[in-house]
């Protein structure tokens, strides 16, 4: 996009700054995979360095006739990636969705779920984290990775029945309860609509948490969150 000649590309690859930023970027990848608290700040630093590097490269080495447009395009792309990551990273296993760098929520939900294994055995657990693609279930029983399971749970009055596959397992620690991560398989359209409405309600709760956690006392905060949770369903789910 910057139209940099090959000899200048080699000069960039041999510069120490290139390797410093690359190592920091790999550190960000590790932090995202391991859900480390410091990763957000490192990600922001890396992206700022990338924008700065792009400005230098396009000015010193670029032969593009529209250098400013190319630089702005790359900067917008980096900003979009940063926004996307910031909307995804959150404290694991808790409702509502709270980002890692924010304080622990004072309001938590636990959703009972009936889990059915391939051999017909029923196991009861609690969903502590839920998204459109999967969920984390706290339970005591041992379940192997890649095992397919059936789920049946109720959130905000919406019943969901779907199938999923266990993609990871975790043992009990101070910050991580024992349980499994389940990725949802193809589900009925009505269940997917219900799941979308549930996540919309959770986002509303999270937005209220961010706005009001320092403005209300504990009693007022919990009362308002309970009102949001029990708001009569205005959304209609069409079946068919």
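Here, each number is a calculation from the coordinates, and none is a lab measurement. Keep in mind that this is a model prediction, so the values were computed, not measured. Glycine also receives a Cβ, built like all others from the backbone with ideal geometry; neighbour counts cover every protein chain displayed.
Rounded, prolate or oblate: pick one for the range 6-88, where a ≥ b ≥ c are the square roots of the eigenvalues of its C-alpha gyration tensor, a/c under 1.5 means rounded, and failing that, prolate if a/b is larger than b/c, else oblate.
Values: a/c = 3.27, a/b = 1.56, b/c = 2.09.
Note, shape of the range 6-88 comes out oblate.
Between residue 132 and residue 79, what is the spin-label point distance in nm, taking each point 7 Å from the Cα along the Cα→C-beta axis?
2.4
Regarding the range 111-229, what are the three Cα extents along the principal axes, ordered largest first, in Å?
Principal extents (largest minus smallest coordinate, Cα): 50, 37, 19 Å.
Run the paramagnetic zone check for residue 64: 7 angstrom along Cα to Cβ, then residues of the range 1-31 with backbone nitrogen under 14 Å.
Output list for this probe position: 1-5.
Compute the length gained on full extension between residue 123 and residue 144: take 0.36 nm times their separation in residues and subtract their Cα-Cα distance, giving the result in nm to one decimal.
Working: separation 21, 0.36 × 21 = 7.56 nm, distance 1.38 nm.
Working it through step by step, the gained length comes to 6.2 nm.
How much length is gained on full extension from residue 41 to residue 72, taking 0.36 nm per residue of separation minus their Cα-Cα distance?
Working: separation 31, 0.36 × 31 = 11.16 nm, distance 2.27 nm.
Gain in length upon complete extension: 8.9 nm.
List residues of the range 1-44, by number, whose backbone nitrogen lies under 14 Å from a label position 7 Å along Cα→C-beta of residue 53.
The answer is 9-29, 43-44.
When the chain is fully extended, how far beyond the present Cα-Cα distance does residue 207 get from residue 14, taking 0.36 nm per residue of separation?
Working: separation 193, 0.36 × 193 = 69.48 nm, distance 4.57 nm.
Residue separation times 0.36 nm, minus the Cα-Cα distance, leaves 64.9 nm.
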